[in-house]
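The values are calculated or read from the model by the stated rules, or taken from the named source; none is laboratory data. Since this is a predicted model, take the numbers as computed values, not measurements. Glycine also receives a Cβ, built like all others from the backbone with ideal geometry; neighbour counts cover every protein chain displayed. Please note that ligands, DNA and RNA were not included when accessible areas were found on the heavy atoms of the full protein model with its side chains. Shrake-Rupley method; radii C 1.70, N 1.55, O 1.52, S 1.80 Å.
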Amino acid sequence: MNKNDQTFLVQKIRTQYTEKESTELDALRELDAKVKRPANVFAYVFGSISAIIMGAGMSLVMTDIGSAVGISDPMIPGILIGIVGMLLAIINYPIYKNILGSRKEKYAKQILTLSDKLMAR
């Protein structure tokens, strides 16, 4: 290992142990995450639940789980449950966009002020 590589490696390790200054760019990133995180969490959780509901309906139709549970003809309930899950999955994106839009509206002034200050440098 030559001297330059060794110096680079030492500096890289050293930076992991020094305190980082909180900059305005870090604040801008945090605000951006604060805007997007609730919408993303909602979309992932709601979408997962929708997929599970749709899968439960498909399982009733395609397997013998319905008879094990005590449903004599699982076709109609399975189709209805699957359609409900599908509808929930379809409305997931518009709800996500609505949450994201309202969060953007709420924090737009702060983000624009901070980004203008950073771009003016």
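Do the conditions hold for G66, that is, is it at pLDDT below 95, over 27 Å from the mean Cα position of the chain (by Cα), open to solvent by less than 80 Å² (accessible area, probe 1.4 Å) and at positive phi? So G66 fails the test. In segment 1-42, the qualifying residues are those that are more than 22 Å from S102 (Cβ to Cβ) and among the hydrophobic types (A, V, I, L, M, F, W, C), and the one that is nearest to the chain's Cα centre (by Cα) is L25.
Just one of the numbered conditions (1) surrounded by 16 or more Cβ atoms within 10 Å (Cβ to Cβ); (2) closer than 30 Å to I49 by Cα; (3) among the β-branched types (V, I, T) is not true of I111: (2).
Would segment 5-27 turn up any residue that is of a type in the set (D, E) and surrounded by 11 or more Cβ atoms within 10 Å (Cβ to Cβ)? Within segment 5-27, one or more residues are of a type in the set (D, E) and surrounded by 11 or more Cβ atoms within 10 Å (Cβ to Cβ).
Surrounded by 13 or more Cβ atoms within 10 Å (Cβ to Cβ) and aliphatic (A, V, I, L, M): which single residue out of I95, I91, I52 fits that description?
Selected residue: I95, the only one of I95, I91, I52 that is surrounded by 13 or more Cβ atoms within 10 Å (Cβ to Cβ) and aliphatic (A, V, I, L, M).
The residues of segment 43-68 that are polar (S, T, N, Q), part of a helix (DSSP H, G or I) and more than 28 Å from L100 (Cβ to Cβ), listed by number, are S59, S67. In the set (1) part of a helix (DSSP H, G or I); (2) out of contact with any Gly (no Cβ under 8 Å at 6 or more places or on another chain); (3) surrounded by 11 or more Cβ atoms within 10 Å (Cβ to Cβ), the condition left unmet by I71 is number (1). On the basis of being of a type outside the set (K, R) and in contact (Cβ under 8 Å) with a residue 60 or more places away in the chain, does S72 make the cut? Here the answer is no, as S72 does not meet what is asked. Candidates I111, I99: the one that is part of a helix (DSSP H, G or I), modelled with pLDDT of 95 or more and not polar (S, T, N, Q) is I99.
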